[in-house]
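Input: a single structure, listed below in structure tokens.
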Amino acid sequence: MAYKCIVLIKQVPDTSRITGEAMNEDGTVNRGALPAIFNPEDLNALELALQIKEKYGGSVTAVTMGLPSASEVLREALFMGADDAVLVTDRRCAASDTLATSYILTRAAEKIGYDLVLCGRQAIDGDTAQVGPQMAEKLDIPQITYVEQVHELSPEKIVCRRNMGNGWQKTACKLPVLLTVTDQANEPRIGAARRIMKFKNAKTPAEITKEGGSEEDISLMRDKGLLIGQLNLDYVQADLQWCGRDGSPTKVHRIMSVVLTAKESKEVEPSAQGINDMVHELIEDHTIG
């Protein structure tokens, strides 16, 4: 049996480069203030899907929801080995919380078709780890979270090892299934040079139109195998009351700015010995245990 894998990926702001402009006044993330990157654990999910494809056969479709600029992570997925890429984009998706996001992605997954749905354990911009489990509920399929390894896969069942914090658990369930994948699962591959050369010019219809292209240009890209799929809420037949701000019960009540200040500082020698001495000092003053 060939397994059809959908991998949910997300373009996120690089939270390792937080600045004072990282949040808007309404509590939403100011994505323009931070560099955009491929959500780290989604890379692990994509790598696991590619390994499943290589070992058991099938296909891998990368799916993301966002602005047309989010197509950048879809191209990266194609570079790594994804067979197809789909962008779910619609102005009516704006301000979606995890509940609305999971609903929209569920509708997209149902349109695309799947045997397995994989996603990273959580995204670094929200750290909620909610979208995957919420999707499993809406799709009415079992889920295995915190997956580190797939031990067995057959038309009857999948057997995975999942991280339990202080150990691991072997879990089995029937297909179809949703898996959330941790950063301990694998080391994501880098894009193949041949695929980079092939897909570096792949675009969504929205990108082609923005560049002044016509329907003929879109058709030409499709014929070349370089057209990234694009879906909107009408195509996935989404109920608009469950999308965007209207479908998002999570509201920001208040934003508090926390400023950390140090009364003193100490320079640490950039060497193994310097780091070792610093750790010993932190242990002695009970800063770390």
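Annotations
- Residue, nearest to residue 122 (Cα to Cα), within the stretch 42-74, restricted to residues that are surrounded by fewer than 24 Cβ atoms within 10 Å (Cβ to Cβ) and of a type in the set (Asp, Glu): 47
- Against the test of being surrounded by 22 or more Cβ atoms within 10 Å (Cβ to Cβ), in a loop (DSSP other than H, G, I, E, B) and in contact with a helix residue (DSSP H, G or I) (Cβ under 9 Å, 6 or more places away or on another chain), the options 100, 82, 77 yield a single qualifying residue, 82.
- Scope the stretch 114-127; condition within 18 Å of residue 173 (Cβ to Cβ) and assigned to a loop (DSSP other than H, G, I, E, B); matching residues: 114, 115, 121
- Residue within the stretch 35-56 that is of a type in the set (Ser, Thr, Tyr), in a helix (DSSP H, G or I) and either over 18 Å from residue 189 (Cβ atoms) or modelled with pLDDT under 95 (or both) present: no
- Residues being within 20 Å of residue 71 (Cα to Cα), modelled with pLDDT of 95 or more and out of contact with any helix residue (DSSP H, G or I) (no Cβ under 7 Å at 6 or more places or on another chain) are entirely absent from the stretch 126-139.
- When residues in the stretch 128-170 are screened for being assigned to a strand (DSSP E or B) and in contact with a Cys (Cβ under 7 Å, 6 or more places away or on another chain), 6 of them pass.
- Pairs with Cβ under 6 Å, 6+ apart, first in the stretch 227-239 and touching a residue at least 60 places away in the same chain (Cβ under 8 Å) and buried (at least 20 other Cβ atoms within 10 Å of the Cβ), second among the acidic types (Asp, Glu) and not in a loop (DSSP other than H, G, I, E, B): none
- Looking at 116, 153, just one residue is touching a residue at least 40 places away in the same chain (Cβ under 8 Å) and more than 30 Å from residue 226 (Cα to Cα), and that residue is 153.
- A Cβ distance below 7 Å, combined with a sequence gap of six or more or placement on separate chains, defines the contacts here; from the stretch 176-201, residues that are within 18 Å of residue 143 (Cβ to Cβ) and in contact (Cβ under 8 Å) with a residue 40 or more places away in the chain reach residues that are small (Gly, Ala, Ser) and part of a helix (DSSP H, G or I) in the pairs 178/132; 178/136; 180/132; 181/45.
- Residues located in the stretch 157-183, provided they are at pLDDT 95 or above, within 22 Å of the chain's Cα centre (by Cα) and open to solvent by 70 Å² or more (accessible area, probe 1.4 Å): 183
The values are calculated or read from the model by the stated rules, or taken from the named source; none is laboratory data. Bear in mind the structure is a predicted one, so any value in this text is a computation, not a measurement. Here Cβ is always computed from backbone atoms with ideal geometry, including for glycine, and neighbour counts include all displayed protein chains. Surface accessibility is based on the protein's heavy atoms, side chains included, excluding ligands, DNA and RNA. Shrake-Rupley method; radii C 1.70, N 1.55, O 1.52, S 1.80 Å.
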